[in-house]
């Protein structure tokens, strides 16, 4: 009996000790299938190497229809470490991150990326664990014309690229802060913004010290390269959040995140992939990468002594197609750019095949949830 | 640089070719952690061997609280092949399956299993692909006193075991059929029944030829061993279905299924595990096993020639805890009994830690879904 046939993916647990075969079985069972790669020009590869930037690229298979032309686009996901230590002057930290991101966009542009998304609050360290207001609130910026938005507008126009920029937003009239993703269109204008719908209260992640739940709902943005939405970080644990983006028409949902290995690493491959499957759309799961050390000690609500490190942001960003096939992940430790060529027609094709939308009985659940909320108050 | 640290689970893709190390990393990244096993008496092991029944057993770690005593129970999941070919007389097929299941329950009883669940419509071949009404409708039985229910009542009482019996039900007054799971309590009485909420219309699985969507909602059954619910087969693709069982108080949700490798194998490890994580309960994913060949040819809506085989039911049943830690799966090809010792207190502990229930904003989604349904009609 072929052990791969008998045990499937579990066979790899013994195969690693004794049976170095079956790579194809592992790909099939773990990721759906092995994907082909894209041609990345050699000069781009060597620029990336000089920047110590990992590039991974994949091409999802696609099916030609008779009436609709394919809608093949390239999606890019960026994970990057902070550049200066968080004890550096704020302006220095911002400038260094801007410079890092500029060279990554140049590389993405030369790889013909059409939609690029960065990690959660990419223009600052993930300092919310400290619960200190200063200097971290100084990183907040306007979603219309903050420094990073102004920078990205230029680059979006230069490469005709849609850029999703997750920032710490400060609304300039009210001075209230939000965890926001700004969608910059391929002509360099701000197409709109969306905010984090679910705010964690777990360990180092009680971000409600700084910002509250979004009141903007579940907007979907119509770009030249498809209908996109952004589910920020902890919202990936909430299937209803993923669902509403799908019902509102999203073909790709980005999930810019910041999460550490001790908290969530074994959950990471599950949630965004499940969302792609159940909602018949593509998901792009992006995690922060690196270890960030803060100038003053803080506690984490876990009974352990005060410390200055957050833990390791494990990167591992990946992309999933509506049929559940996924790319491998970027590195756990390095800056990286993940590029996938996808055909947006796959969303409807998979929906026609599996029929989860047709069979999901929304009227039943709208009623059940309404009754539940009325009956149980603030459950 | 340690390649396991840099690449995580993706490293196993290369490790299988060149680096047979890192088993612990694979367990951690793939399943959350490596679980300990239970002591299974030697005489039970040899009985199981004679029956060609695989036994896997695991013990999930648990945390002692100060006020609540632990609620440790043993859950069992059974996957079994049909015994006689589907061309045999109906009564013969049923009898052979009953005998097979009796010996499996005896083994489970000697392993102190408290709640045992079988695969979807375990007392018949999964003949719905044929779209023939005869003889398959003859397998349908009453959920109160059908032959398999009467058998299991005796065994439930004998071992003080809660038994979940997924059957093809025929309601005796209306003569209507349903895809049903009967919950037989540990005293041998029928505690209640629940029915399949979502009926597939995909390839060989258009079961609406035989039965329609349940109108019984999302019942949760209060047993001496915890509050349980049953999400039958295709319902695992529907997060709202999983959600309602959780809101109604389930601590364990069983997912008796019948699905084949070409359709869903790479989705199988994702969906029931995601449900456990997001709803803070245990899930028990059970798949039929074996290849079933039918007497008359049928087509599968995939443009391929008529054929008599359904494809391979790949077993791989597994159990997931609320923190996402899961057992390995049973075999892809053999009959099997999977036993896990769990502490139901883990549900609330994980909920307190992660807080998905507290942060899920149900009032927002009840409103959004209601508006969506009103606006878009029968989407």
Only one residue in A:301, A:311 is touching a helix residue (DSSP H, G or I) at 6+ places or on another chain (Cβ under 6 Å), more than 9 Å from every other protein chain (Cβ to nearest Cβ) and surrounded by fewer than 18 Cβ atoms within 10 Å (Cβ to Cβ), so which one is that?
A:311
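So, restricting to helices (runs of 4 or more DSSP H) that lie completely within the stretch A:1-72, which ones have at least 1 residues that are touching a strand residue (DSSP E or B) at 6+ places or on another chain (Cβ under 8 Å), in contact (Cβ under 8 Å) with a residue 24 or more places away in the chain and at the interface with chain B (Cβ under 8 Å from one of its Cβ atoms)? Lay out the reasoning, then the answer.
Details: elements: A:3-7, A:11-18, A:23-31, A:42-50.
The helices (runs of 4 or more DSSP H) meeting that bar are A:23-31.
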Among the residues of the stretch B:256-296, the number that are within 14 Å of another protein chain (Cβ to nearest Cβ) and closer than 17 Å to residue B:315 by Cα is 21
The stretch A:71-92, subset surrounded by fewer than 17 Cβ atoms within 10 Å (Cβ to Cβ) and within 19 Å of residue A:160 (Cβ to Cβ), residue nearest to the chain's Cα centre (by Cα)
A:72
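Can we say residue B:108 is surrounded by fewer than 21 Cβ atoms within 10 Å (Cβ to Cβ), more than 14 Å from every other protein chain (Cβ to nearest Cβ), over 23 Å from residue B:350 (Cβ atoms) and modelled with pLDDT of 95 or more? Steps first, please.
Numbers: surrounded by fewer than 21 Cβ atoms within 10 Å (Cβ to Cβ): no; more than 14 Å from every other protein chain (Cβ to nearest Cβ): yes; over 23 Å from residue B:350 (Cβ atoms): yes; modelled with pLDDT of 95 or more: yes.
It is false that residue B:108 is surrounded by fewer than 21 Cβ atoms within 10 Å (Cβ to Cβ), more than 14 Å from every other protein chain (Cβ to nearest Cβ), over 23 Å from residue B:350 (Cβ atoms) and modelled with pLDDT of 95 or more.
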List the number of the failed condition for residue B:339; all other conditions in (1) under 30 Å from residue A:377 (Cα atoms); (2) buried (at least 21 other Cβ atoms within 10 Å of the Cβ); (3) more than 7 Å from chain A (Cβ to nearest Cβ) hold.
(1)
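Mind telling me which of the residues A:217, A:246 ends up being within 11 Å of chain B (Cβ to nearest Cβ), touching a helix residue (DSSP H, G or I) at 6+ places or on another chain (Cβ under 8 Å), surrounded by fewer than 21 Cβ atoms within 10 Å (Cβ to Cβ) and closer than 24 Å to residue A:360 by Cβ?
A:217
Considering only residues that are under 25 Å from residue B:297 (Cβ atoms) and not in a helix (DSSP H, G or I), which ones fall in the stretch B:73-97? Before you say what the answer is, go through the steps one by one.
Taking the stretch B:73-97 as the starting set, the residues that turn out to be under 25 Å from residue B:297 (Cβ atoms) are B:81-94, B:96-97.
B:81, B:82, B:83, B:84, B:85, B:86, B:87, B:88, B:89 - these are the residues of the stretch B:73-97 that are under 25 Å from residue B:297 (Cβ atoms) and not in a helix (DSSP H, G or I).
Could we say that residue A:237 is surrounded by 20 or more Cβ atoms within 10 Å (Cβ to Cβ), touching a residue at least 12 places away in the same chain (Cβ under 8 Å), within 13 Å of another protein chain (Cβ to nearest Cβ) and more than 21 Å from residue A:251 (Cβ to Cβ) here?
Numbers: surrounded by 20 or more Cβ atoms within 10 Å (Cβ to Cβ): yes; touching a residue at least 12 places away in the same chain (Cβ under 8 Å): yes; within 13 Å of another protein chain (Cβ to nearest Cβ): yes; more than 21 Å from residue A:251 (Cβ to Cβ): yes.
For residue A:237, the condition - surrounded by 20 or more Cβ atoms within 10 Å (Cβ to Cβ), touching a residue at least 12 places away in the same chain (Cβ under 8 Å), within 13 Å of another protein chain (Cβ to nearest Cβ) and more than 21 Å from residue A:251 (Cβ to Cβ) - is met.
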Looking only at the stretch B:342-379, and only at residues there that are touching a strand residue (DSSP E or B) at 6+ places or on another chain (Cβ under 6 Å) and facing chain A (nearest Cβ under 8 Å), the one that is surrounded by the most Cβ atoms within 10 Å (Cβ to Cβ)
B:354
Does residue A:229 meet the test of being assigned to a strand (DSSP E or B) and more than 8 Å from chain B (Cβ to nearest Cβ)?
yes
Please verify whether the stretch B:312-331 includes one or more residues that are in contact with a strand residue (DSSP E or B) (Cβ under 9 Å, 6 or more places away or on another chain) and at positive phi.
yes
Is at least one residue of the stretch A:271-293 in contact with a strand residue (DSSP E or B) (Cβ under 8 Å, 6 or more places away or on another chain), in contact (Cβ under 8 Å) with a residue 40 or more places away in the chain, more than 28 Å from residue A:358 (Cβ to Cβ) and in a helix (DSSP H, G or I)?
no
Just checking, how many residues over the stretch A:283-298 are in contact with a helix residue (DSSP H, G or I) (Cβ under 6 Å, 6 or more places away or on another chain) and crowded, with 23+ Cβ neighbours inside 10 Å?
2
For the stretch B:300-379, list the strands (runs of 3 or more DSSP E) that sit wholly inside it and hold at least 2 residues that are within 19 Å of residue B:120 (Cα to Cα) and at pLDDT below 95; which are they?
B:307-314
So in the stretch A:142-152, with the set limited to residues that are under 20 Å from the mean Cα position of the chain (by Cα) and assigned to a helix (DSSP H, G or I), which one is surrounded by the most Cβ atoms within 10 Å (Cβ to Cβ)?
A:152
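The values are calculated or read from the model by the stated rules, or taken from the named source; none is laboratory data. Worth saying up front: this structure is predicted, and the values here are computed from it rather than measured. Using ideal geometry, Cβ is built from the backbone for each residue, glycine included, and neighbour counts are taken over all protein chains shown.
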